[in-house]
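See structure below.
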Ligand SMILES: [Zn+2]
């Protein structure tokens, strides 16, 4: 896998873990060139999990978008890498659980799951996430907005 830090192609897998529903394999990797540690997610599923937006449109669930939102909101909060990865994993597990056999969940429910989990970790990050998330229905739009806010704060 491509190292996000230096672009090297070889790494070793330190740890592999399946989430509780068995839909994702998370691998901790270490770049053989620079030693940078990162995580890859592999999805094992036949039927994609769909997000139902407020306007009724559907799109495939993408945990990476949620992860981006979480990373942006927790920026400079000194929250450990492992804590953030665990948080993202917990959010995904609960989203999968809530979606159930229908494999459908509303975008609102996803936001609420993320907020509830974030609250237990960091209040400032929670407030950042909440203030932006409440106003949006679309995760892409949300990530764009929160990025522009974060840039203004720098
Ligand atoms: Zn590297």
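Within region 130-154, the set of residues being at pLDDT 65 or above and more than 21 Å from residue 59 (Cα to Cα) comprises 130, 131, 148. The one condition from (1) in contact with a helix residue (DSSP H, G or I) (Cβ under 7 Å, 6 or more places away or on another chain); (2) loosely packed, with under 13 Cβ neighbours inside 10 Å that residue 51 does not meet is (2).
Determine whether residue 79 is assigned to a loop (DSSP other than H, G, I, E, B), within 26 Å of residue 27 (Cα to Cα) and at pLDDT 90 or above. Answer is yes for this residue.
Please tell me if residue 59 is surrounded by 15 or more Cβ atoms within 10 Å (Cβ to Cβ), in contact with a helix residue (DSSP H, G or I) (Cβ under 9 Å, 6 or more places away or on another chain) and in a helix (DSSP H, G or I). Write out each step before concluding.
Values: surrounded by 15 or more Cβ atoms within 10 Å (Cβ to Cβ): yes; in contact with a helix residue (DSSP H, G or I) (Cβ under 9 Å, 6 or more places away or on another chain): yes; in a helix (DSSP H, G or I): no.
Against the criterion (surrounded by 15 or more Cβ atoms within 10 Å (Cβ to Cβ), in contact with a helix residue (DSSP H, G or I) (Cβ under 9 Å, 6 or more places away or on another chain) and in a helix (DSSP H, G or I)), residue 59 does not qualify.
On the stretch given as region 36-49, residues that are within 16 Å of the ligand (Cβ to nearest atom) and outside any strand (DSSP E or B) total 1. Residue 52 meets each of the listed conditions (1) farther than 22 Å from residue 117 by Cβ; (2) more than 16 Å from the ligand (Cβ to nearest atom) apart from (1).
Of all the criteria given as (1) surrounded by 13 or more Cβ atoms within 10 Å (Cβ to Cβ); (2) in the same structural domain as residue 130 (by TED's automatic domain parsing); (3) in contact (Cβ under 8 Å) with a residue 12 or more places away in the chain, the one not satisfied by residue 37 is (2). The test for being at pLDDT 85 or above, outside any strand (DSSP E or B) and more than 23 Å from residue 22 (Cα to Cα) does not hold for residue 100.
Taking region 5-35 as the range and being touching a strand residue (DSSP E or B) at 6+ places or on another chain (Cβ under 7 Å), farther than 23 Å from residue 60 by Cβ and within 16 Å of the ligand (Cβ to nearest atom) as the test, the residues that pass are 5, 6, 8, 11, 12, 13, 14, 28, 29, 30, 31, 32.
The values are calculated or read from the model by the stated rules, or taken from the named source; none is laboratory data. Keep in mind the model is a prediction, meaning the values are calculated, not measured. Positions of Cβ are backbone-derived with ideal geometry, glycine not excepted, and every protein chain shown enters the neighbour counts.
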